[in-house]
1. Evaluate the following for ILE456: is it under 27 Å from the mean Cα position of the chain (by Cα), closer than 17 Å to ARG557 by Cα, open to solvent by less than 60 Å² (accessible area, probe 1.4 Å) and not acidic (Asp, Glu)?
2. Check GLY523 against each of (1) part of a strand (DSSP E or B); (2) within 26 Å of the chain's Cα centre (by Cα) and name the one condition it does not meet.
3. So in region 273-316, with the set limited to residues that are in a helix (DSSP H, G or I) and among the acidic types (Asp, Glu), which one is most open to solvent (accessible area, probe 1.4 Å)?
4. Working only within region 337-369, note down all residues that are among the hydroxyl-bearing types (Ser, Thr, Tyr), in contact with a helix residue (DSSP H, G or I) (Cβ under 9 Å, 6 or more places away or on another chain) and either assigned to a helix (DSSP H, G or I) or surrounded by fewer than 18 Cβ atoms within 10 Å (Cβ to Cβ) (or both).
5. Tell me the residue from LYS60, LYS74 that is among the basic types (Lys, Arg), in contact (Cβ under 8 Å) with a residue 60 or more places away in the chain and either open to solvent by 40 Å² or more (accessible area, probe 1.4 Å) or closer than 25 Å to PRO168 by Cβ (or both), please.
6. From VAL87, VAL96, grab the single residue that is among the β-branched types (Val, Ile, Thr) and either in contact with a strand residue (DSSP E or B) (Cβ under 6 Å, 6 or more places away or on another chain) or open to solvent by 10 Å² or more (accessible area, probe 1.4 Å) (or both).
7. Does at least one position in region 245-255 carry a residue that is among the basic types (Lys, Arg), surrounded by fewer than 24 Cβ atoms within 10 Å (Cβ to Cβ), assigned to a helix (DSSP H, G or I) and at pLDDT 95 or above?
8. Taking region 526-549 as the search range and keeping residues that are in a strand (DSSP E or B) and of a type in the set (Asp, Glu), which one is least open to solvent (accessible area, probe 1.4 Å)?
Amino acid sequence: MRWNLKPLPAEEKINSLAQALQVDRFVATLLVQRGIETFEEARQFFRPTLADLHDPYLMKDMEKAVARIELAIKNDEKILVFGDYDVDGTTAVSLVSAYLKTYYSNVSTYIPDRYDEGYGISFKGIDYADDNEFSLIIALDCGIKSIEQVAYAKERNIDFIICDHHRPGEFLPDAVAILDPKRSDCFYPYDELCGCGIGFKLIQALGKNRGESIEDLMPYLDLVATAIAADIVPMTGENRVLAHFGLQVINSNPRPGIKAMIHQIKKQTLDITDVVFIIAPRINAAGRIKHGNHAVALLSEFDFEQAQQFASEIEKYNADRKELDKQITKEALHQIIENQEQKRFSTVVFQEDWHKGVIGIVASRLIETYYRPTLVFTRSGDKLAASARSIKGFDVYNALEACSEYLEQFGGHMYAAGMTLKEENYELFKEAFENEVEKTIHPDLLTPEISVDAAIDFNAISPKLIRVLKQFEPFGPQNMTPIFLTTNIIDSGYAKKLGQTEDHLKLFVNQNDSESFAAIGFGLGNKMEITTNKKPFDAVYSIDENEFNGKITTQLRLKDIRNESH
């Protein structure tokens, strides 16, 4: 791993902020590194308020969207709320449908089948709407590239409102309204919302029209925070505000479906990491293993006992998902070694019986072993479908765009995408993608980087610093957990490996006779040799609190260690 110490910001910026906030220079430095340079920016960062959210009508087409929904209600039209099968899509569908149903009953939901219909707006979904006399479809977390599908719907007198956050193509679908801040002609002040976030802006606009305040919409923020965490969008601006208040709802008064999941895991207070690793995979498991409808049913259920029943079913799907992901990862790693593909700039693997629901997770797992842009293909009907995952700093969407002549369709973000192609184009695409990555990737990006906020001594770690760092939460892209570097550390001699396969490392460390700290390094078991015989070593880590038997102690969460002489 490359350890990359962030450069110190300009002295005058640090001093100015330290003075304005009456904080020490160390905290001011961490803030300026995060782009926070003024008192007002710091106020929004540390004390977000719902008033910090932008007027939803600043978003291009919002007035058209609201007018079309109000017209549908006035004319007693049937409205179909359509969304993708992942966490972002299912939370968005649950949110918009639940809100509309508070004052209008003629609303139904539709999640496409991952295997039968694939990602995005499907012709089958439009046929369903046509057969059942729906005249308005609200599409969430998908649709920005569905030009043919929207035209097909229009021929059947079905209107579309698209709420998406993916990058548009050259042309936009012929929808009544397209809410997507990534449109080049949309000047909404914040363009990093997730699909559920766009759905929230829509209900915010509808609510404003009905005389509701932003506080009236607080109960929906548990869904928005879950989507923000799962979709790994930047934890800045409106996302930070929505996640902050959404976590409050999750921990105080969540909807029965989320409460039922929390009930199963028996954890008192959830932070954003818990939402990413505990709540999100369970919601996702429904669409991966069975059908996204199960997630919408759970998130829309108001009876707690029924929600518990749904949650236990989803728990089983999640267990099945874990087994599949483990097995397929093993097969994919074997394929890479067998075909001697370790030296390539990209990883592209294919097996026709791999479960389509877990190939995205498998792609992420392969990156843990072979750190480079990764695509995992499986068969989907008469085509091949893939999930792409990227590494820090490399835009996989742009790489796919460069190879699009071989693709039937593709869509996504810088770090995650999906695509389909004809089987006869697989080898051609594989080579074109490899060539594109080789041509455009900076060699440094192929070594994982740990971005270090600051070098500190252990004597700087105090209860006060930990209290301040806690206020930096919720963490996420562009506001990651602060990582520190300390040199000349010594282990007490009680280092041990943990876990069934001894993958993890437990230490008790100090520096120059400072206070000792417990330290845990997940996946660092193979580096124990560095810490033996009281040899000094360097470490990069985040500062954590560990609760055991009601007692809270400071713990260092090691990211990497190396010999001091490195």
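The values are calculated or read from the model by the stated rules, or taken from the named source; none is laboratory data. Everything numeric in this text was worked out from a predicted model, so none of it was measured. Counting neighbours? That spans all protein chains shown, and the Cβs are built from the backbone with ideal geometry, glycine included. Heads up: the accessible areas ignore ligands, DNA and RNA and are worked out on the full protein's heavy atoms, side chains in. Shrake-Rupley method; radii C 1.70, N 1.55, O 1.52, S 1.80 Å.
1. Criteria not met by ILE456.
2. Every listed condition holds for GLY523 apart from (1).
3. It comes out as GLU305.
4. THR369
5. LYS60
6. The match here is VAL96.
7. Checking region 245-255: not a single residue is among the basic types (Lys, Arg), surrounded by fewer than 24 Cβ atoms within 10 Å (Cβ to Cβ), assigned to a helix (DSSP H, G or I) and at pLDDT 95 or above.
8. This residue is ASP538.
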